[in-house]
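Have a look at the structure below before the remarks.
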Amino acid sequence: MPTFRTSDGADLFYDDLGQGRPLLMMPGWSCSRRFFARNVEVLAKDMRVIAPDLRAHGDSANVAWGHRISRYAMDIKELIDRLGLEGVTLLGWSMGASVAWSYIDLFGNARLAGHVSVDQSPRQYYTETWRWGQPGCYDAESLAILCTRLEYEAPAVARGLVRGCFGDTYKPSAEEVEMLGEEIDKCPAAARAEIMTDHTHLDWRDLLPRIALPTLVCVGRQSKVFPWQGSAYVGETIPGAKTAFFENSGHMSFYEEADAFNAAVRDFVLGLPG
């Protein structure tokens, strides 16, 4: 499994499979690249798939610094630069979509050909102008409660997160919940709290209309992490974006409806110009 060191000294692990057009897949908050186990090898039959673990996530080094969305975006840029990739499709699931938006905000379309956003609202918090926030972390008080729970009962938070990511159709086994929960356990509680604190205070609504990349937005109609309208707003607001609704999925359409998700992403990537 390859690794590289970021400019500020964090060792990041990543999978790199297949050949052809590059697709870089970023997991969500506290999750690892192993959440994409139903996608990477399948998609790698038709393209090159790179799936990194963010710093202090998965098998990457548990560094105590740099847990900001902007630094994560820099890590991704450094990985893309290190691999010499061109024409990358940047796929972000959940918080990974926020990392992708930060990349675009900071670096524009550098080395990119397309973008895939998977079930992420442009704003976490509820306000008088935004009603499709995160039901479990929607204001400063709920964030404080979450951070306290992470300090004292991080494993329970992890398994609750896994269960909350599924919709009503897919019924995960106890073994699946534990396996995915163990991946989340690899991320230290302090890192989880720091990056969530940064993530929840961001509002990407001003950026979305300025994204000038072919974009696919994947929306889980049964999502309990965000009302589906929040994720659909992304597709409605990015000029020319295509939106794919997954009627039998919650927050993890790539897992719950893997075949349909893989087909949608494959068609999108292979259909890009160039």
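The values are calculated or read from the model by the stated rules, or taken from the named source; none is laboratory data. Bear in mind the structure is a predicted one, so any value in this text is a computation, not a measurement. Glycine gets a Cβ as well: all are built from the backbone with ideal geometry, and neighbour counts include every protein chain shown.
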Anything in segment 239-259 that is under 15 Å from Val269 (Cα atoms) and part of a strand (DSSP E or B)? List them, or say none. Lys242, Thr243, Ala244
Show the residue pairs meeting these rules: Cβ distance below 9 Å; 6+ apart or different chains; first residue within segment 53-75 and modelled with pLDDT of 95 or more and hydroxyl-bearing (Ser, Thr, Tyr); second residue surrounded by fewer than 24 Cβ atoms within 10 Å (Cβ to Cβ) and assigned to a loop (DSSP other than H, G, I, E, B). Ser60/Ala10; Ser60/Lys186; Tyr72/Gly66
Failed item, numbered, when Val40 is tested on (1) surrounded by fewer than 19 Cβ atoms within 10 Å (Cβ to Cβ); (2) on the phi < 0 side of the Ramachandran plot: (1)
Taking into account only those residues within segment 134-157 that are modelled with pLDDT of 90 or more and over 24 Å from Leu180 (Cβ atoms), which is surrounded by the fewest Cβ atoms within 10 Å (Cβ to Cβ)? Glu141
Output for Cβ contacts, cut-off 6 Å, separation at least six or different chains, first residue under 19 Å from Gly114 (Cβ atoms) in segment 223-241, second of a type outside the set (Gly, Ala, Ser) and surrounded by fewer than 18 Cβ atoms within 10 Å (Cβ to Cβ), reads Gly235/Thr243; Thr237/Pro209
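Within segment 224-274, which residues are aromatic (Phe, Trp, Tyr) and in contact with an Asp or Glu (Cβ under 7 Å, 6 or more places away or on another chain)?
From segment 224-274, those aromatic (Phe, Trp, Tyr) are 226, 228, 233, 245-246, 254-255, 261, 268; that's our starting set.
If the condition is that a residue be aromatic (Phe, Trp, Tyr) and in contact with an Asp or Glu (Cβ under 7 Å, 6 or more places away or on another chain), then Phe226, Phe246 are the ones that fit.
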I need every pair where a residue in segment 103-119 that is under 22 Å from Phe254 (Cα atoms) and acidic (Asp, Glu) has its Cβ under 6 Å from the Cβ of a residue that is crowded, with 19+ Cβ neighbours inside 10 Å and at pLDDT 95 or above, sequence separation at least 6 or different chains. Asp119/Gly220; Asp119/Ser223; Asp119/Ser231; Asp119/His251
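Can you tell me which residue in segment 173-209 is surrounded by the most Cβ atoms within 10 Å (Cβ to Cβ), limited to those that are of a type in the set (Asp, Glu) and part of a helix (DSSP H, G or I)? Steps first, answer last, please.
First, pick out the residues of segment 173-209 that are of a type in the set (Asp, Glu): 175-176, 178, 182-183, 185, 194, 198, 203, 206.
Within this subset, residues satisfying the condition of being part of a helix (DSSP H, G or I) are 175-176, 178, 182-183, 185, 194, 198.
Values: Glu175: 8, Glu176: 15, Glu178: 15, Glu182: 15, Glu183: 23, Asp185: 16, Glu194: 18, Asp198: 16.
Once the filter is applied, the top-ranked residue is Glu183.
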